[in-house]
Every structure is written in structure tokens, then in C-alpha cells.
Amino acid sequence: MKKSIFLAIIAAGSAIFLNSCKKDVEGRTDDIPALNPANIDINAGIWKPILLTGPTEFPVPAPIAVNTPEYIAQINEIKSWQTDLTKEEKDLVKYWGAGAVLRWNEILRELVAKHNLPPYQNADGTYPFPNANNPLAYPQFPFANPPYAARAYAYVAASQYDALVAAWHYKKLYNRPAPYVTDPTVQVLIPRSALPSYPSEDAVVASASVEMLKLLFPGDQDYINQKFEEHKKARLIAGANVRSDLEAGEVLGKSVAQKFVTRARNDRAGAAIGNQTLWTQLENDAIARGEIPWYSLELPKRPPMLPLFGKVRAFLFDSLTAISLRPGPPPSTGSEQMRRETEEVYNYIKNPTRENTRIVHFWADGAGTYTPPGHWDAIAAEDFIKKNFSEVRWARNMALLNMTLMDAGIVCWDTKYFYFNPRPTQLNPSIKTLTGIPNFPAYISGHSTFSGAAARILGHIIPERANDYDAMAKEASLSRLVGGIHYKSDCEVGLIVGKNVGEYAVSRARTDGAE
Amino acid sequence: MNMRYKLFCIIILWMSIGRLHAQTDIDGIMMEKNALCVGPMANFSSWKNYWEGTLKRDNLNLGTVSTNTYSIMGNYGITRKLNILFNVPYVKTKASAGTLHSMKGIQDLSLFAKWRFLQKKKWGGKVSLYAIGGLSAPLSNYVADFLPLSIGLRSKTASLRIMGDYEKGKFFSTASATYTFRSNIEIDRTAYYTTEMHYTNKVAMPDGMNVNVRVGYRSFRLIAEAVFNNWTTLGGFDITRNNMPFPSNRMNASSLGINIKYTLPPLPQLSIVAGGNTTVAGRNVGQASNVYGSVFYVLNLSGKSKEKTAKN
């Protein structure tokens, strides 16, 4: 049967064809080894905190002695967990064993991506705004756009760092060993560490994160609390912490984070949306300067994104410094240079190459994503994993990166609304874009500013990668030009401004006691 | 001769045209041994409304999304019971409003083997049963992750179809069910959110199921049929409110349409095909309407006499 043979060959061919490509999709950090720091940074208690006056601002009481019945009961709690571990429990240990700062950063990136969606318009063509007091009503709170996200990453990372500095102080002070040291019959499912276990660094990170996220993502409390409980459980069943380690860490993390919550409530971000009077004034001011003002290219026209975000209190410098970092003006909208730059954008997008499209999409980080700051967190995290940093150094580096990104966002937004410069497509509507046009003025490019800043501080943290980070930042910046989103001036000046912001983080890094 | 259009919208529901096979991988007609039928086809498709999940809406920042497809299709008879079919489309998409760039390029090569394994007289007519296997794969490095303007989804696919055809006099009905396996794809970004975060550039693509029913009139000169088609994605997720679509969305669509094929009296090797369809229900797809037209020519490659290539 010639035909049957033929069909059998087709069927076999199909099977091979499919087997070659049908696999479960695994994330890049799903299967990484447990964190096993090369250096436990035992003296990190003297590192310079960000908001805390010192590591003892929120005192941690002395732990119960390891020979008390209560402590022994806590050891037995671990043992009873360990007698019969399910696959899910082992998976929890593996997931959280990779690192507390890493996993909470990933969770935050996930929350940002989930919430980075512009609200749909009202029937009358106006737009609703999310309401923090009613976060689950549409449009859900928050709209985690790039400035919002940059600020969220910064607060979470900075609060984790301060809480860990305090934790390290008390770890060294009380020097209570891990349960598997006090009782060698306790199994340990993660790498052993010489780091004292009281208070638990994992509980500190988790608790600080949970407290910050209550403010930043109030509608996702169930999910966040589930992660919190899983994290603490993972530490117990791994034999890494007794319950009193976790409880002390939880109290400390929460107390420190509350200080950051208070700062966040008063950092002027809540007023960043502005109002119709301000939006009109921005437009009229640009006209009065003889420039074509920015207009929203969305239909219906959407109010500009967070026009007062440039007034938010930065972490690395004061408000006068923030203003001093604002670059000079873009080419006048009526100038020959602007005409040429607009034409340059048009020439890039007229017949985009596949490679340029790839670059645009790789760096787009638009609606529904973790935003450009989240992308730089992902880049950093994957490099930090290879470095085997201690949790406190992880937190310090993430805090430096994310404070830089937030402050870069502040300077960038200040610049955008100071000049209120139109997008290329506004000046030439035949410029079609390879990704969505963000709803705020062009000058200077946010991607370029974020990337220049991130590359500067990351190049300081991991010097052997500095050239790679610079190349990435340049590509991210270029992606906005070849994607039709920005003029060359926006990109070039953005990179420089970002780098200047990054210098403040580098200065801090050199003097925070960690180097 | 033997071809008609099929409106089997298999994967590219966002573009609304699907892989247009003017060829007959989904109808009850076979080419004669050594006969090759080839022809170009043009399809125009557009939609203004789409389903965001189950919510039907329009989008002022897209306006009307249109897709032009130009394909070369062919059907070769290895024997009169076993045919091989192919299709190569060039696709161009465009949005009438907003700022998003149009996309264009050569899309996926599709190949089908169509085997009529049973034919017998029954119920006063003729019953035929078919098994059809298909493969498809991208022919160019086009972008999948730019919906709704992507020209395709990039999955390699393998499909298996069982089809029955009943013919009585000049009237017929055909019904088929198809399972399509879809490979994972890679996109240009390194992380994406579905209902959870994925830190990878690989996207798991849910498989799909197709049901197709057609009834009509079939003679040597003229074929006219009405077609119902349903594509159901077996998995995937809904587009969230005011979000962009994504390749692994749960894309479902049901359409109704008509096809006409007419063979020219003076030139029986040549036939003209035209048709149209419209989407009547959907999920995470555009509510597309299509019109298409094609011309096919039959060549006899056996080197023998120009024998007839009449159906069956």
C-alpha cells in the first residue's frame, strides 16, 4: 500500500516536527541554584542606610537562648515539617532559596506588568483615573506606568536595603546560629551559611516588601500575602530559620518599611497627575515660547502622563539639584534642525529592517510590560545571580540601581514638561511607529535617560560588564529613534542626563561602606 | 477539475484571513493523477470591531484593520486518491487610524497530504471519507508579537483532519474536524505577562480545533456552496481591558460564507473562484469580513494526452 506508507511517513514526520518544538516554557530564573553567597558581608550592619538614622533605630530584642524549651520547640517544629515534605513544599524551598531580594523583585515586576495598562476612555471622551481607595474598581489602581513603576521599584528596594542593614547589625550583635548549627539533626535543604540567623534576612525582605506593596499595589493583597506565607514556610521547612528568627525579621522589616511608606505618602507623587488647569497651562506656555506644544496622539486625546512627576522628591539629591540636572532646550519646533531630525525619523521607519524592528521590540517595554526600569532590573538581577551576592549586597545594589532609575525618571519628567516638546509623529503624521507612542512629551527620551542612568551604576557595581551596559543603553536609546518614537536629540541628551544622574548613585556607592 | 476556495481561518484570526488555501484540503474533491492545479489568489479582509476577551469593542487608535493577502496555491494528484497541496502567502496589514506601522512579508508555507481512503455508494448517493495531514512553518523572519498587525503567529503547525463528503445528484455536503498542534514560538522581548509573568522569550502556543461544514451544488461547470467554519483555541488567555492582543490569546472565531467556482466553457482547464465570509462570533479576534478571488489552471504533468481532470 504505497499510500499508506506515504501517510505513515507524513505522520512520523509530523511527530518529529512537533516534538522538536513543543516543550513547556521555562523562565530563565525558574531553575537557578540556591543562593550561596561568596561573602556573607558580616559587617554590613555599619553600611550607610538610606532613610534610617542608624541600624538601631528600630531595636530588635535579644533572641531566646538556644537551650530554652521554647527554642527547642521551634526546632521541633522544623523537624515535624521535614518528616514528610510534599513536592510543592520542596518546590517552595527551591524557588525561595534562589534569594529573597531576587524573588520579591520578580514579584514586583510582575505586579507592574499586570497594572501597566492605560485606562479606557469614558463615553464622553474623557478618561477615568484609578483610585487608590477603591483599587479593584475599573480602572484598577494603580496604572503602573514607567514613572509609577520606577518609584515603586525604588521604594521597595530601598526599604529592603535599610531593613537588611539593621538586620545585619543585630545578626552580628546576637550571633544566633542557624537551626542546623544549634541542632545538627535538623536537615538543611539549602546551602549552609555561617551567617547568624536571627533576625531572618528573608523575613526582613519579605516583610518590608509586603508593607511597601500594601501602599503601591493595594488591590493585590491576597496574592502578595500568599507569597509572604510561602516565603516564610520555605525558610522553616528548609531548616534555615526557626520561627522566632522569622518573627523578629517580620517586625523589623515592617517597621523600617513604614518609614518609607511615610516618605512615599509625602513625596508629592500623589499630586503628579495634575489637573486640567495645569495641562492647559503647559500647552499655553509652550505656545508663548513660540513653540508647537505637545499634543496627545491618542484618540480621544488623553491627558499627559504624570506631568508633575518631575516634582517628586528624589532619593539621591535634593530638588534644586534635580532642576540643575535638567538639560538645555531641544531644537526649536520651527528650526531647520528639527525639520532634519523629523525627516531622519521618517527615513528610519519608512522601510524598517527586521533587525531594527527586533531592537525596537526588545526594548519597547510599553503597555502591559514591567516598563524600562523593570527591564533594567531584569538585566541586573540576572547578572547579580552569577555574582552570588549576600542578600544585603543584593539589596544594596538593587537599591542603588532603582533609586537611580527613579531619580532619572524625575529629572526626565521634569525636562519633558518643562519643554513640552511634540513627538515626531505630531510634526509629521506619516511617521508610523513600530511600538506604541507613550502619552507624554518627547524631549528627553525616557528610555535613554533610564538606560544611561542604569548603565552608569551597573557599570560601577560590575565593572567588567560596564562596556556591555553602555552598549545596551545605546541600543535601548537607538531603539526609540529607529522605532519612530523619538528624535535623535531626545535620545542623545537623554543618555547624557541619565549618566549624570547615575553619577550620584556612584558617589553614594563609593561611600556607603560596602566597597 | 477540482478546486475551490476554502475559508479555513486556521491561525491568523487577527488578520482575519487565515491561511487561505484556494486548494481543497478541506473539501471533498480530488485532482486526477499527475494533474497539477495552480493559481494565484487575492484576499481582502478587514475589521473595525474586535473582541477583547468576550467584550466586543472598537478602537479609535486602530480604526479599521485591513489585510491584503496574495497567495500561490497548488494541488497535485499523486493518484486520484492521494493529493498533495501547498500554499505560500504574502501578507500586508494596515490600520487606518492611530500611529502603528503596517507589516508585510511572506508568511507560512503550508503543505497538505489528502487521502481519500473510502468511497462507496450509499443512501442513494456517494459517500467519501478522507484523512488529511498538514504541516506549516514560517518562510520568513516576520514578527509575531505585534498584534493585531502581525502577519502571522510563527507557530509551526501540524494538523490532522477527518472529513466526510456525501453527494447526491448535484447536491453535496461536507463536514470535517481538524486538530492542529502548534509549536511554541519565540518573540523579540525577553519577558511578557499573560495571566502571570513569564521571564523568557518563548511562548507556549495552545493547540486548536477546527470544525467546517459546507453544503451546496456541485457540477463540472459550477460549484456553489455555503460554508460554516469554527476555530477554537484549546487554551490561551483573554486580552485584559484595554491591553494589546498576544499570540497565545484564546482566539476563537465562527464564520459564515459562500464560495463559487466557475469553469470557463471554452477553456476547461481554467476556473475562476470567488467568495466571501464574515465572522459571526469570536473571542480575542477581529470581527473580520473577507472577499477573495482566484484563477486556477490545470496542467497535466503525465506527458500524456490532455485528458480530462474532472472531479472524482
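The values are calculated or read from the model by the stated rules, or taken from the named source; none is laboratory data. Every value quoted in this text rests on a predicted model; they were computed, and no experiment measured them. All Cβ positions, glycine included, derive from the backbone under ideal geometry; neighbour counts span all protein chains shown.
Below is a table of values for the structure above.
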read-out: Residues (within 30 Å of B:K94 (Cα to Cα), aliphatic (A, V, I, L, M) and free of Cβ contacts under 8 Å to residues at least 40 places away in the same chain) located in segment B:150-177; value: B:A158
read-out: Count - residues of segment A:416-455 that are in a helix (DSSP H, G or I) and within 13 Å of chain B (Cβ to nearest Cβ); value: 4
read-out: Residues (assigned to a loop (DSSP other than H, G, I, E, B) and either farther than 16 Å from B:I185 by Cα or more than 10 Å from chain A (Cβ to nearest Cβ) (or both)) located in segment B:113-143; value: B:W123, B:G124, B:L139
read-out: Number of the exception - A:K23 against (1) surrounded by fewer than 14 Cβ atoms within 10 Å (Cβ to Cβ); (2) within 10 Å of chain B (Cβ to nearest Cβ); (3) at pLDDT 95 or above; value: (3)
read-out: Count of residues meeting criterion [at the interface with another protein chain (Cβ under 8 Å from one of its Cβ atoms) and assigned to a helix (DSSP H, G or I)] in segment A:341-358; value: 4
read-out: Filter pass, A:Y170 being hydroxyl-bearing (S, T, Y), within 22 Å of the chain's Cα centre (by Cα) and part of a helix (DSSP H, G or I); value: no
read-out: Evaluation of B:V91 against (1) part of a strand (DSSP E or B); (2) more than 20 Å from B:T174 (Cα to Cα); (3) more than 18 Å from the chain's Cα centre (by Cα) (one fails), failing number; value: (3)
read-out: Residues located in segment B:190-213, provided they are within 30 Å of A:D365 (Cα to Cα) and either aliphatic (A, V, I, L, M) or assigned to a strand (DSSP E or B) (or both); value: B:A191, B:Y192, B:Y193, B:M197, B:H198, B:K202, B:V203, B:A204, B:M205, B:G208
read-out: Helices (runs of 4 or more DSSP H) contained in segment A:46-152 and holding at least 1 residues farther than 30 Å from A:N402 by Cα; value: A:69-82, A:87-97
read-out: Residue list for segment B:132-170, restricted to those being of a type in the set (S, T, N, Q) and surrounded by fewer than 21 Cβ atoms within 10 Å (Cβ to Cβ); value: B:S140, B:N141
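Residue-by-condition table, conditions (1) surrounded by 21 or more Cβ atoms within 10 Å (Cβ to Cβ); (2) within 14 Å of chain A (Cβ to nearest Cβ); (3) part of a strand (DSSP E or B); (4) in contact (Cβ under 8 Å) with a residue 12 or more places away in the chain:
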position	(1), (2), (3), (4)
B:D188	no, yes, no, yes
B:V215	no, no, yes, yes
B:I223	yes, no, yes, yes
B:N229	yes, no, yes, yes
B:A253	yes, no, yes, yes
B:L267	no, no, no, no
B:S271	yes, no, yes, yes
